[in-house]
Structures are given as C-alpha cells and as structure tokens.
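Novice: Let me begin by handing over the structure; questions about it come next.
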Amino acid sequence: MTPSDASHSRWSDLDRPPLNVPALRRGLLRPGGLWSSLDVVDTTGSTNSDLARRAAGLTEGAVLVAEEQTAGRGRLDRTWSAPARSGLFLSVYLTPGAVPAQRWGWLPLLTGVAVAAGLERSAGVDTALKWPNDLLVTVGGEERKTGGILAERAGDGVVIGIGLNVSLRADELPAPTAASLALAGAVSTDRETLLRGVLRSLEHWYGAWRAADGDAAVSGLREAYAANCATLGRTVRAQLPGDRTLTGEAVAIDGDGRLVLSTGDGLQEPVSAGDIVHLRGVGGGLT
C-alpha cells in the first residue's frame with residue numbers, strides 16, 4: 001500500500017464511521033414508543049431474512065441494522081449491496097394486530113411516505129416515491145433511485161426492509177440509474193441522524209395508520225402518498241405477473257394502495273403487483 005493509498009483508507013474510515021449503538025438506543029427506545037429493540041451487526045446477507053427467521057420470538061418494534069449487507073433483496077429477487085457503512089440497511093418488525101389483513105398492503109407505501117418525510121427533515125433532500133417501493137432523488141436533472149423498500153409477511157406480522165444509498169460516490173454506484181443522498185446534495189450524510197429521522201417518521205405514520213384501523217384515507221396516508229408519488233401523471237409500462245404487460249397513464253392510487261392505469265381503450269385498470277417503468281412525463285426519460 002502506498003502512502004496515498006493508506007491516507008485514502010484512513011479518510012474512508014473517517015468518512016464512514018460505524019454507528020454508535022448506545023446513542024441510537026438512548027434516542028429511539030423509550031417507554032410507550034414503538035421501537036422495542038435495536039441491534040446493529042457488522043455484516044449480514046439480508047436483514048429482512050434475519051428478522052423473518054426470528055419472527056416467532058420477536059416483539060413488535062424490533063429493529064435490525066447492518067453496517068454492510070451482502071445479499072439484500074429487492075422486488076423480483078433483485079440483489080442490493082453497497083460498500084460497508086455507505087448506506088442505511090435495516091429491517092423492522094411490525095404486528096398490525098387488529099388492522100384488517102387486507103389493509104396491510106399499505107405498509108410498504110406507508111414506509112415510503114415515512115422515509116421520504118424523514119429524509120426531507122434530516123438530510124434536506126426531496127425524495128419522491130415510485131410506486132410501489134422505490135425512493136427517487138434528482139441528480140443532474142434526472143430522477144435516480146437512491147433506495148428501496150421490501151415488505152414480507154413473517155410470523156404474526158410483517159418485516160419491512162429499507163435500503164438507502166447515503167454516501168456512495170459516482171464511481172461506486174451499482175448502475176447509471178442509481179444515486180445516493182450525497183450526490184443529491186444532502187445537507188447531512190450522518191447515518192445516525194438519518195436513521196433517527198427515518199425511524200421517528202415511521203413511528204408517526206404507523207401510529208396514525210393503526211389508530212385509523214388501517215384506513216389510508218382517514219389517516220391521511222393515501223393523500224400523502226399521492227402527493228409525493230412520481231409515478232402519478234406519467235405514462236408507464238407495468239410488467240405484470242404471468243408475462244403480461246400493460247401500458248397507460250398512472251391516474252390514481254386506489255383505496256387498497258393499487259396503482260390505477262388508464263389504458264388507450266379508455267378503461268381504468270388497477271395494478272396490485274408488478275414492475276413499473278416510467279416512460280415519459282414529469283422529469284422525462286425512462287426510470
């Protein structure tokens with residue numbers, strides 16, 4: 001290792017310090033609050049998989065954070081990985097209990113609203129939502145993905161995973177369509193500040209949704225999601241299960257959290273699951 005290499009290595013460590021677990025626990029775990037435990041591991045394959053395996057013995061509000069995630073999973077089993085301590089990689093365990101199970105589909109959308117609100121306050125970055133689970137920021141006038149959300153049933157509840165690129169440099173991005181909060185001009189890339197902001201926002205929105213028995217309209221969730229959804233008003237292509245493709249204008253989010261497309265024949269069709277490609281509209285280009 002040359003002197004310059006050693007200097008860069010030391011700087012990288014300073015630039016990406018490990019999380020201060022005792023400080024996070026003091027700030028987030030409190031009597032009567034949602035978050036019941038917070039654990040940080042140096043590295044793991046997937047925080048979602050780890051929590052899901054332990055779901056039977058978990059209390060609601062368990063939080064698992066990884067400094068490095070080597071086999072994080074996104075939709076359609078896509079992988080999510082990044083350099084150690086360059087992002088936030090976490091999963092939480094929630095048990096909505098009395099909320100009717102058919103309304104649980106709102107949880108990934110709720111998480112998107114909460115993460116976007118938390119990042120706006122803690123990082124000063126406008127984060128838009130791409131239905132159903134992507135987090136977008138603007139870099140160089142283009143929308144790019146900086147994070148994603150994955151929710152899956154486990155035990156009596158739901159494990160929700162959140163992955164966010166925080167300090168990745170341009171040469172570290174996994175794809176040209178990706179971004180990081182740093183590249184989007186974040187006023188802070190301190191991961192402890194961001195993690196506290198995200199979890200406090202998630203606690204707020206989850207509490208409001210539960211108090212409304214999972215009614216997305218009454219809790220304000222449906223309106224908040226629509227207001228921050230970059231997919232609405234765009235022409236999109238939905239790649240649906242069974243190799244079916246549907247193209248149309250995204251016109252609404254319905255009461256069940258589905259994306260409603262207005263197709264060329266004048267029909268409106270709700271989409272509950274699928275891969276969405278933005279073809280044109282606000283911001284232009286393909287995302």
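The values are calculated or read from the model by the stated rules, or taken from the named source; none is laboratory data. Computed from a predicted structure; not experimentally measured. Cβ atoms come from the backbone with ideal geometry, glycine included; neighbour counts cover every protein chain shown.
Novice: Please pick out the residue among A151, A184 that is in the same structural domain as P17 (by TED's automatic domain parsing) and assigned to a loop (DSSP other than H, G, I, E, B). Give the derivation first.
Specialist: On the way: A151 fails: assigned to a loop (DSSP other than H, G, I, E, B).
Selected residue: A184, the only one of A151, A184 that is in the same structural domain as P17 (by TED's automatic domain parsing) and assigned to a loop (DSSP other than H, G, I, E, B).
Novice: Restricting to segment 16-34, name every residue that is touching a residue at least 60 places away in the same chain (Cβ under 8 Å), in a loop (DSSP other than H, G, I, E, B) and either loosely packed, with under 13 Cβ neighbours inside 10 Å or in contact with an Asp or Glu (Cβ under 7 Å, 6 or more places away or on another chain) (or both). Talk me through it step by step, then tell me what you get.
Specialist: Of the residues in segment 16-34, the ones touching a residue at least 60 places away in the same chain (Cβ under 8 Å) are 16-20, 23-24, 27-28, 33-34.
Those left that are additionally in a loop (DSSP other than H, G, I, E, B): 16-20, 33-34.
Answer for segment 16-34, where residues must be touching a residue at least 60 places away in the same chain (Cβ under 8 Å), in a loop (DSSP other than H, G, I, E, B) and either loosely packed, with under 13 Cβ neighbours inside 10 Å or in contact with an Asp or Glu (Cβ under 7 Å, 6 or more places away or on another chain) (or both): P17, P18, L19, N20, G33, L34.
Novice: Has segment 35-45 got any residue that is modelled with pLDDT under 95 and of a type in the set (D, E)?
Specialist: No.
Novice: A further question follows. Among the residues of segment 114-148, how many are not in a loop (DSSP other than H, G, I, E, B) and not charged (D, E, K, R)? Let's see the steps before the verdict.
Specialist: The first filter runs over segment 114-148 and keeps only residues not in a loop (DSSP other than H, G, I, E, B), leaving 114-123, 128-130, 134-139, 142-148.
Okay, now just the ones that are also not charged (D, E, K, R), so 114-119, 122-123, 128-129, 135-139, 146-148.
Total satisfying the criteria: 18.
Novice: Now a separate question. Considering only residues that are under 14 Å from the mean Cα position of the chain (by Cα) and among the basic types (K, R), which ones fall in segment 109-143?
Specialist: Within segment 109-143, K130 is the sole residue that qualifies.
For every residue, the table says whether it meets (1) under 30 Å from A55 (Cβ atoms); (2) polar (S, T, N, Q); (3) within 16 Å of the chain's Cα centre (by Cα).
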| site | (1), (2), (3) |
| --- | --- |
| G155 | yes, no, no |
| I160 | yes, no, yes |
| E172 | no, no, no |
| S188 | no, yes, no |
| G197 | yes, no, yes |
| A212 | yes, no, no |
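Novice: Looking only at residues in segment 114-140 that are out of contact with any strand residue (DSSP E or B) (no Cβ under 9 Å at 6 or more places or on another chain) and in contact (Cβ under 8 Å) with a residue 40 or more places away in the chain, which one is surrounded by the fewest Cβ atoms within 10 Å (Cβ to Cβ)?
Specialist: Here is the first cut: in segment 114-140, the ones out of contact with any strand residue (DSSP E or B) (no Cβ under 9 Å at 6 or more places or on another chain) are 114, 117-118, 120-124, 140.
Checking which are in contact (Cβ under 8 Å) with a residue 40 or more places away in the chain leaves us with 114, 117-118, 121-124.
Values: A114: 26, A117: 20, G118: 23, R121: 15, S122: 22, A123: 25, G124: 13.
By that ranking, first place goes to G124.
Novice: Looking only at residues in segment 85-112 that are modelled with pLDDT under 95 and assigned to a loop (DSSP other than H, G, I, E, B), which one is nearest to R196 (Cα to Cα)?
Specialist: Here the answer is G97.
Novice: Residues of segment 151-208 being without any contact (Cβ under 8 Å) to a residue 12 or more places away in the chain and crowded, with 21+ Cβ neighbours inside 10 Å, which ones?
Specialist: Scanning segment 151-208 gives no hits.
Novice: Checking the conditions here, which among L194, L259, L183 is closer than 22 Å to W104 by Cβ and of a type in the set (A, V, I, L, M)? Talk me through it step by step, then tell me what you get.
Specialist: Working: L194 fails: closer than 22 Å to W104 by Cβ; L183 fails: closer than 22 Å to W104 by Cβ.
Selected residue: L259, the only one of L194, L259, L183 that is closer than 22 Å to W104 by Cβ and of a type in the set (A, V, I, L, M).
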